Amino acid sequence: MPVPDEPSRDEGPDRGDREERPEGTAAQHVPIAPRFATAVLTSALLSYLGITALNIAGTDLDPLPMAICLLCLVAIFVLQLRHSRPGADQVAPLRKRVTLGAQALLTYLPVMAFESQWGAMAGFLAGSLLLLLPPRLAWPLYGAVGLSMLAPPAIDGRPLIDSLYLFQSTLLTGLVVYGLSRLASLVRQLHETKNELARMAVTKERLRISRNLHDLLGYSLSAITLKSELIHRLVLTHPQRAKVEIEEVLALSRQSLADVRRVSRGLRDMSLRSELFSVTGLLEATDVKVTTEVHLDELGPEVNTVLAAVLREAITNMLRHSRATTCSIEAVQDAERVRLVVTNDGAAPVYRDASQDSGAGLQNLAMRLRSVSGRLTVAHGGDGTFRLTAEAPVAFIPAPRQAGGGPGRRPRAEEASTLPWTGPAA
């Protein structure tokens with residue numbers, strides 16, 4: 001069944017295959033934004049390497065030292081890409097120490113040969129320290145790397161301004177490398193989170209449809225089964241009565257089909273009063289003695305729908321899991337709260353449906369009631385009675401939705417607790 005309100009391009013016979021595609025296959029397609037962020041980072045690193053290479057090329061070095069210089073630049077570039085990749089700070093400490101040590105050697109040893117022209121590579125080391133180490137250790141070392149770059153111009157006999165320039169450029173390069181690396185990582189995490197939220201939304205919608213179908217069809221199919229058994233007994237002895245029951249079964253079947261269609265469209269309209277009338281007629285038709293006590297005024301739409309769902313599921317459970325002969329239904333409302341109580345006999349105290357598809361009706365109802373600040377309690381009596389009590393406020397007002405759907409946001413009734421159908425007439 002397609003998820004409601006999805007764009008038409010997501011519908012089709014192969015949609016389920018796309019949704020169930022293995023993670024490895026999906027990971028092969030990297031969105032444009034993360035690729036662009038990675039490209040910006042790589043371009044910045046190559047630009048710094050190019051500047052250093054041009055500085056070295058302007059000197060009068062022999063071919064061998066020049067080749068060694070280029071090899072060192074390539075090695076630093078590879079190490080920096082490794083340090084800038086997402087999750088690099090989560091690798092084993094020993095591996096981080098080895099790669100940082102190698103980068104430090106490639107940063108400081110060539111200074112003796114290339115002097116100030118090699119100073120830009122210290123910015124890469126400063127950025128790697130910020131990326132891989134804890135902040136309380138990374139920032140002092142970052143500053144130490146910057147201070148160390150005051151020495152090469154002084155050793156060359158250059159003015160103090162050159163030392164300050166190299167010091168400042170080293171710290172700036174380190175911040176650029178750190179910032180661009182973190183940006184690429186955050187962009188990728190953002191897209192992964194977006195995809196995960198989309199999968200969670202699809203899963204949530206599937207659970208909603210599954211829960212609503214359980215509560216809807218459990219009642220309807222139980223009613224159809226009981227009426228069919230009654231028809232089987234009446235067809236020979238009371239054919240006219242059997243004909244009436246057959247017409248009711250047909251009406252229930254048509255209504256069930258319409259309700260299933262309403263689930264996919266997300267309609268939400270149930271009335272506790274209408275459901276009381278419906279289940280009372282069904283129980284009387286199945287020879288269950290029913291007593292009702294109803295004192296209801298106007299209920300909020302969310303609470304009205306949830307309590308109607310509770311009543312329907314309670315009657316479904318009673319018909320499926322007990323041999324009830326009597327049932328009492330109490331729906332009483334006071335100034336602030338409404339209470340629904342369903343009590344029946346004929347229940348086995350230790351009964352548990354062990355079938356594979358036994359369902360989770362009571363859990364669903366407890367979840368629905370919690371979403372409207374209500375609660376559900378059940379109790380088994382020693383004489384085979386079963387009592388279900390649902391309490392909720394007369395009118396439920398959802399908490400204001402916080403920006404970004406933060407933890408303080410209470411689920412809205414239409415998201416998690418309403419049933420998109422009306423009860424069939426018995």
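Worth pointing out:
- Pick from segment 150-179, criterion under 16 Å from Y48 (Cα atoms) and either without any contact (Cβ under 8 Å) to a residue 24 or more places away in the chain or of a type in the set (D, E, K, R) (or both), ranking: surrounded by the most Cβ atoms within 10 Å (Cβ to Cβ): F167
- Matching entry among L137, L147 (being more than 39 Å from the chain's Cα centre (by Cα), in a helix (DSSP H, G or I) and without any contact (Cβ under 8 Å) to a residue 24 or more places away in the chain): L147
- Residue match in segment 53-72 (condition: within 25 Å of A144 (Cα to Cα), modelled with pLDDT of 85 or more and of a type outside the set (D, E)): yes
- A single entry from E6, E11 fulfils the requirement of being surrounded by 12 or more Cβ atoms within 10 Å (Cβ to Cβ) and modelled with pLDDT under 65: E6.
- Residues of segment 105-126 that turn out to be in a helix (DSSP H, G or I) and either open to solvent by 30 Å² or more (accessible area, probe 1.4 Å) or touching a His at 6+ places or on another chain (Cβ under 8 Å) (or both), as a count: 7
- Pairs where the first residue, in segment 231-246, is farther than 16 Å from T286 by Cα and the second is charged (D, E, K, R), C-beta under 7 Å, 6+ apart: none
- Each residue in segment 122-138 was checked for being in contact with a helix residue (DSSP H, G or I) (Cβ under 7 Å, 6 or more places away or on another chain) and over 15 Å from S181 (Cα atoms), and 2 pass.
- When S228 is tested against (1) at pLDDT 80 or above; (2) polar (S, T, N, Q); (3) open to solvent by 70 Å² or more (accessible area, probe 1.4 Å), exactly one condition is not met: (3).
- Restricting V98, V74, V111, V78 to residues that are under 26 Å from Q168 (Cβ atoms) and among the β-branched types (V, I, T) narrows the list to V111.
- Scanning segment 312-330 for residues that are of a type outside the set (D, E, K, R) and either modelled with pLDDT of 90 or more or exposed (fewer than 14 other Cβ atoms within 10 Å of the Cβ) (or both) gives T325, T326, C327, S328, I329.
- Qualifying positions in segment 180-210 - among the β-branched types (V, I, T) and open to solvent by 60 Å² or more (accessible area, probe 1.4 Å): T193, T203
- Restricted to segment 266-309, and to residues there that are among the aliphatic types (A, V, I, L, M) and in a loop (DSSP other than H, G, I, E, B), the residue that is most open to solvent (accessible area, probe 1.4 Å) is L267.
The values are calculated or read from the model by the stated rules, or taken from the named source; none is laboratory data. For clarity, every value in this text was computed on a predicted model and none was experimentally measured. Don't worry about glycine lacking a Cβ; one is built from the backbone with ideal geometry, like all the others, and counts go over all protein chains shown. Areas reflect the complete protein model, heavy atoms only, side chains present, ligands, DNA and RNA absent. Shrake-Rupley method; radii C 1.70, N 1.55, O 1.52, S 1.80 Å.
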